[in-house]
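The values are calculated or read from the model by the stated rules, or taken from the named source; none is laboratory data. As the structure is a computational prediction, the values presented were derived from the model and not from experiment. Positions of Cβ are generated from backbone atoms using ideal geometry, with glycine treated the same way; all protein chains shown enter the neighbour counts. Ligands, DNA and RNA are stripped out before the accessible areas are found, and what is left, the full protein with its side chains, is counted by its heavy atoms. Shrake-Rupley method; radii C 1.70, N 1.55, O 1.52, S 1.80 Å.
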Amino acid sequence: MLAIIGGTGLNQLNGITELEILKPQTKLGPPSGPIYKGIYNGQEICFLARHGAPHHIPPHLINYRANILALDELGVTKIIAVNAVGGISDHLGPANLAIPDQIIDYTIARDNTYFDGIFQPLDHIDFTFPYDETLRCALLSASRRIGLDIMDGGTYAATQGPRLESAAEVERIRRDGGSMIGMTGMPEAALARELGLSYCCIALSVNWAAGVKGCSEISMQDIRKALELGMQQVLRLIEAYLQTQKNI
Ligand code: HPA
């Protein structure tokens, strides 16, 4: 079963039928909120709002371990994560989408593993290619089918937040190879890999990252506008992806 994890701007998924609202507990605490299970575009899915609904949990306080564990325990095998980002790459102006293929993790002090010697014995996962390539390619081919121009690949730089970055921090991330910056991509991707779940990300640019296009400050009003516009494209893409899965 597929799960969609909604980020900022996607706190609920309208149009789920045969809806069950689940409130699972895990050994690592409760997930961010209820998990909505049902049929969406002909497929059985689960939906979880990463920040809770209404949006209230800041990126560094999300219980990522409980979220992924709860989905795993419900029988989820694939996750499409939706993440708002600031764009660094020229292709990632506000309201544009990317399916990243790499990650750099700048977050600190988050519970970022199941293999901590307490929940599970120490182990080390391979993370050379952090996102599931099959899922990434399926999303890219769905985007081509509906004529949606999105960026194939790019490096997702995960920062601690909740503040946005300074221009100098963004410049350093750009030199490191970052194409986009978000606050919630890690440890989520690594935890999914630790549990053996296929995971990929739809990144929606809601602003140019600080200092990327000159000196102006980032306005929350502009972010809200880009979120609204871009999220419609995200939903079109997910719908198109689910339609292709029907025919497999
Ligand atoms: N930086 C980090 N996270 C973000 C940004 C940003 O500019 N925009 C949306 N999420």
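For the chain, what does the convex hull of the Cα positions come to per residue, in cubic angstrom?
118 Å³
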Looking at the stretch 155-248, which GluC sites (Glu not before Pro) are in a loop (DSSP not H, G, I, E or B) and have at most 15 other Cβ atoms within 10 Å? 217
Taking a probe of 1.4 Å, how large is the accessible area per residue of the stretch 2-246, in Å²? 45 Å²
Separation of the residue 129 and residue 224 label points, Cα + 7 Å toward Cβ, nm: 4.1 nm
Quick one: grab the alpha carbon gyration tensor of the stretch 101-231, order the square roots of its eigenvalues as a ≥ b ≥ c, and give me rounded if a/c is under 1.5, else prolate or oblate depending on whether a/b is larger than b/c. oblate
Enumerate the whole-percent occupancy of each 5 Å bin, from 0 to the last occupied one, for all C-alpha pair distances of the stretch 10-106. 2, 11, 19, 21, 20, 14, 9, 3, 0
Given labels modelled 7 Å from the Cα in the Cβ direction, how far is it in nm from residue 122 to residue 244? 4.2 nm
What FRET efficiency comes out for residue 176 versus residue 20 if R0 is 35 angstrom and r is the Cβ-Cβ distance? Round to the nearest 0.05. 0.25
Residue 23: which aspartates and glutamates have alpha carbons under 15 Å from its alpha carbon, excluding same-chain residues fewer than 8 sequence positions away? 72, 73
Under 20 Å Cα-Cα from residue 246, which lysines qualify once same-chain neighbours fewer than 8 residues away are excluded? 37, 78
Normalise the Debye intensity by I(0) for the stretch 27-166, one equal point scatterer per Cα, no solvent, then take log10 at q = 0.09, 0.11, 0.12, 0.13 Å⁻¹ and round to two decimals. -0.33, -0.50, -0.61, -0.72
How large a share of the accessible area of the stretch 2-246, in percent, is made up of carbon and sulfur atoms when the probe is 1.4 Å and the other protein chains stay in place? 51 percent
Descending Cα extents along the principal axes, the stretch 178-248, whole Å: 47, 29, 17
Longest exposed-site-free window of the chain, the sites being trypsin sites (Lys or Arg not before Pro) in a DSSP loop that have at most 15 other C-beta atoms within 10 Å: 28-162
Hits among lysines - C-alpha to C-alpha of residue 213 under 28 Å, sequence gap 8 or more where chains match: 225
Output ³J(HN,Hα) for the stretch 50-61: one whole-Hz value per residue in order, computed from phi by the Karplus curve 6.51 cos²θ - 1.76 cosθ + 1.60 with θ = phi - 60°, and x for Gly and Pro. 4, 9, x, 10, x, 4, 9, 8, x, x, 7, 10
Just flag the chymotrypsin sites (Phe, Trp or Tyr not before Pro) in the stretch 14-98 sitting in loop per DSSP whose Cβ has no more than 12 other Cβ atoms within 10 Å. none
